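Student: Take this structure, written in structure tokens, and hold onto it; I'll ask about it next.
The values are calculated or read from the model by the stated rules, or taken from the named source; none is laboratory data. In this text, all values refer to a predicted model and were calculated from it rather than measured experimentally. Quick reminder, even Gly has a Cβ in these numbers, built from the backbone with ideal geometry, and neighbours come from all protein chains shown.
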């Protein structure tokens with residue numbers, strides 16, 4: 001489907017496959033540009049009750065069955081096992097479907113490269129659910145850094161913390177594991193808000209504090225060298241309090257040669273300090289960038305996203321390398 005001027009344009013038909021993560025189905029309720037037309041590897045009753053025609057939406061048992069539905073333009077993947085998701089993405093692309101994938105979209109660099117190659121060869125659009133840096137207040141911080149307000153970025157500290165819950169899988173193949181499905185947000189902060197690509201990364205992690213037997217990692221720390229000579233540190237854990245006030249406990253501090261900017265308390269507090277001036281909180285009241293809307297724009301040929309595909313997926317690549325360094 002290609003956009004042509006101001007002519008009426010049909011909504012993009014979206015299918016979801018799996019519900020193993022943050023899905024787009026709630027965003028599709030009444031969406032003016034996209035509509036849920038099918039599901040797979042999920043139960044119809046697990047879809048939001050507000051979903052139009054929920055009771056008549058076909059839910060296919062297998063991905064192969066789903067891909068035979070000609071009404072589907074875009075497959076949103078939250079595969080039941082994240083380790084299978086790269087293979088699922090490639091299958092969708094080969095069948096002529098666009099793909100929007102939960103993170104991590106791949107758990108090895110080889111699979112990540114195969115996704116990128118297949119998207120380029122088939123001419124289909126592939127994107128990860130990678131809008132972290134484009135929500136407020138991080139979008140305002142990104143714009144400030146890009147404007148040069150704090151000078152050249154020298155050091156970045158990022159934190160991403162979620163609460164523990166008994167449903168967290170002990171097998172990292174199910175959700176990608178602490179570094180790749182949680183810590184990747186912090187790496188997006190470093191690269192897509194801090195504006196510096198990671199060149200080297202290493203990590204340590206621990207299962208200490210895991211209340212169950214198994215392989216669930218509870219905390220990790222990553223050290224990075226940034227292109228140009230800067231450095232960064234990121235931590236991720238499953239130790240956020242249910243009383244904190246938000247599911248994610250994020251902290252981001254970006255230090256430059258002219259000052260620093262920070263977001264704390266899960267993004268609820270911000271502050272900008274220049275060398276000789278306390279500038280107070282940031283104005284983050286404006287809208288962030290609508291990442292899913294940008295994905296639809298890319299599919300329709302209206303415009304590209306703010307980062308190219310390699311840049312979009314580079315934090316995922318670095319998360320994969322960080323995990324590998326712990327072996």
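Student: Scanning for something over 20 Å from residue 317 (Cβ atoms), in contact with a helix residue (DSSP H, G or I) (Cβ under 9 Å, 6 or more places away or on another chain) and touching a residue at least 40 places away in the same chain (Cβ under 8 Å), does the range 43-59 turn up at least one residue?
Tutor: no
Student: Considering only residues that are part of a loop (DSSP other than H, G, I, E, B) and surrounded by 17 or more Cβ atoms within 10 Å (Cβ to Cβ), which ones fall in the range 211-242?
Tutor: Answer for the range 211-242, where residues must be part of a loop (DSSP other than H, G, I, E, B) and surrounded by 17 or more Cβ atoms within 10 Å (Cβ to Cβ): 216, 217, 218, 230, 238, 240.
Student: So, one more: Give, as residue ranges, the helices (runs of 4 or more DSSP H) completely inside the range 26-134 that count at least 3 residues that are assigned by TED's automatic domain parsing to the domain that holds residue 16 and within 23 Å of the chain's Cα centre (by Cα).
Tutor: Where helices (runs of 4 or more DSSP H) fall fully within the range 26-134 and carry at least 3 residues being assigned by TED's automatic domain parsing to the domain that holds residue 16 and within 23 Å of the chain's Cα centre (by Cα), they are 85-94, 109-122.
Student: Here are some residues: 68, 109, 117, 102. Which one is in contact (Cβ under 8 Å) with a residue 24 or more places away in the chain and more than 23 Å from residue 325 (Cβ to Cβ)?
Tutor: 102
Student: Taking the range 196-210 on its own, how many of its residues are in contact with a strand residue (DSSP E or B) (Cβ under 6 Å, 6 or more places away or on another chain) and either at pLDDT below 95 or part of a loop (DSSP other than H, G, I, E, B) (or both)?
Tutor: Going through the range 196-210 one residue at a time, the tally reaches 1.
Student: Take residue 184 and tell me if it is in contact with a helix residue (DSSP H, G or I) (Cβ under 6 Å, 6 or more places away or on another chain) and either closer than 23 Å to residue 244 by Cα or surrounded by fewer than 20 Cβ atoms within 10 Å (Cβ to Cβ) (or both). Step through it out loud before you land on a result.
Tutor: On the way: in contact with a helix residue (DSSP H, G or I) (Cβ under 6 Å, 6 or more places away or on another chain): yes; either closer than 23 Å to residue 244 by Cα or surrounded by fewer than 20 Cβ atoms within 10 Å (Cβ to Cβ) (or both): yes.
Answer is yes for this residue.
Student: For residue 155, work out the one condition from (1) farther than 20 Å from residue 17 by Cα; (2) outside any loop (DSSP other than H, G, I, E, B); (3) touching a helix residue (DSSP H, G or I) at 6+ places or on another chain (Cβ under 9 Å) it doesn't fulfil.
Tutor: Residue 155 satisfies every listed condition except (3).
Student: Please verify whether the range 194-204 includes one or more residues that are more than 21 Å from residue 105 (Cα to Cα), in contact with a helix residue (DSSP H, G or I) (Cβ under 8 Å, 6 or more places away or on another chain) and surrounded by fewer than 24 Cβ atoms within 10 Å (Cβ to Cβ).
Tutor: Scanning the range 194-204 turns up at least one residue that is more than 21 Å from residue 105 (Cα to Cα), in contact with a helix residue (DSSP H, G or I) (Cβ under 8 Å, 6 or more places away or on another chain) and surrounded by fewer than 24 Cβ atoms within 10 Å (Cβ to Cβ).
Student: Quick one: is residue 59 in contact with a strand residue (DSSP E or B) (Cβ under 7 Å, 6 or more places away or on another chain) and either within 15 Å of residue 39 (Cβ to Cβ) or surrounded by fewer than 17 Cβ atoms within 10 Å (Cβ to Cβ) (or both)?
Tutor: For residue 59, the condition - in contact with a strand residue (DSSP E or B) (Cβ under 7 Å, 6 or more places away or on another chain) and either within 15 Å of residue 39 (Cβ to Cβ) or surrounded by fewer than 17 Cβ atoms within 10 Å (Cβ to Cβ) (or both) - is met.
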